[in-house]
Amino acid sequence: MAGRRGHALHSRRLPGRRLSHRIWRGFGPGYCRPNPVEGKALPAATSGRILALTSKRPPSSSDGRVERLDRETGGRGGRHRIVAGVFAITALMVISSTLLTYWFGNRVLNAHAREEARREVIANLNELVSTAKDAETGQRGFIITGDDSYLTPYEEAARRLPRAVAKTKSLDGDPDDAADIATIAALIDRKMAELSLTIDLRKTSGAEAAVAVIQKGEGRQIMDELRAAVARVEARQKAKLNSDAKLSDATTRTRTLVFAIV
């Protein structure tokens with residue numbers, strides 16, 4: 001009884017300790033009543049129970065903000081990766097389109113250059129034949145009339161033909177035409193030699209001597225061989241010209257299609 005009165009008296013004197021006693025009593029046996037003066041620490045078992053109780057607290061608003069920030073950061077990172085991938089694919093397509101367009105454009109330009117070169121070769125060959133015919137016309141007019149004015153076409157042809165032959169050789173670098181080009185050059189030399197011979201005979205021996213040489217038919221044979229050689233070269237050049245034109249058209253269509261798709 002005395003103990004109870006003492007305890008009650010003690011509780012009345014120290015309300016703080018009585019309250020503390022009620023709180024600590026919940027920890028069960030083995031708790032250690034702290035010294036309010038010295039402030040000793042709780043035993044390890046009690047500290048663990050307090051930590052367990054505090055760890056079961058509901059998530060605060062700050063935890064939600066952190067989780068939401070993590071989700072948003074991950075989402076933004078994913079969007080950045082998608083944008084970077086789209087940009088890389090677009091850049092690759094643009095570069096590929098540029099390279100393909102450039103390559104096809106070069107093929108078209110090369111085909112056009114070959115077409116122009118072949119047309120120039122054909123035109124130069126026709127000029128060779130026409131110039132040789134002009135020289136022959138001047139020779140015949142002079143032999144018939146003896147008038148030196150008829151020699152003007154022959155003299156002009158004699159000046160133009162060597163340059164035309166050299167130009168034909170420089171323009172036509174096709175190995176398929178090499179033999180015929182050499183034949184054409186040799187026939188031009190033979191024709192001019194035959195014309196020069198008959199003109200000299202007309203001047204020195206009269207018309208009959210010159211006509212006798214013409215009637216042998218050497219000049220006509222030379223012209224026939226010249227036309228045949230020119231025709232062979234021209235046929236090959238025209239065939240290759242048509243092939244280059246088709247290639248140019250096909251390449252242009254392909255380039256346009258690639259540019260439209262890419």
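With respect to the conditions (1) surrounded by 12 or more Cβ atoms within 10 Å (Cβ to Cβ); (2) farther than 25 Å from Gly138 by Cα, Gly206 falls short on a single one, namely (2). For the range 209-242, a residue qualifies if it is among the aliphatic types (A, V, I, L, M), under 26 Å from Lys169 (Cβ atoms) and surrounded by fewer than 16 Cβ atoms within 10 Å (Cβ to Cβ), and the qualifying residues are Ala228, Ala231, Ala235, Ala239. Just the residues that are of a type in the set (Ser, Thr, Tyr) and loosely packed, with under 14 Cβ neighbours inside 10 Å, please, taken from the range 145-167. Of everything in the range 145-167, those that are of a type in the set (Ser, Thr, Tyr) and loosely packed, with under 14 Cβ neighbours inside 10 Å turn out to be Thr145, Ser149, Thr152. Scanning the range 113-149 for residues that are without any contact (Cβ under 8 Å) to a residue 40 or more places away in the chain and farther than 13 Å from Thr198 by Cα gives Ala113, Glu116, Ala123, Glu127, Ser130, Thr131, Asp134, Thr145, Asp147, Asp148, Ser149. Going residue by residue through the range 137-144, is there one that turns out to be more than 21 Å from Arg227 (Cβ to Cβ), in contact with a helix residue (DSSP H, G or I) (Cβ under 8 Å, 6 or more places away or on another chain) and not hydrophobic (A, V, I, L, M, F, W, C)? Yes, that holds for at least one residue. Evaluating Ser170 against the criteria (1) closer than 18 Å to Arg118 by Cβ; (2) surrounded by 13 or more Cβ atoms within 10 Å (Cβ to Cβ) leaves one unmet condition, (2).
We did not get these values from a lab; they are worked out from the coordinates using the rules stated. Because the structure is predicted, anything quoted here is derived from the model rather than measured. A quick note on method: Cβ atoms are made from the backbone with ideal geometry, for glycine too, and the neighbour counts reach across all protein chains shown.
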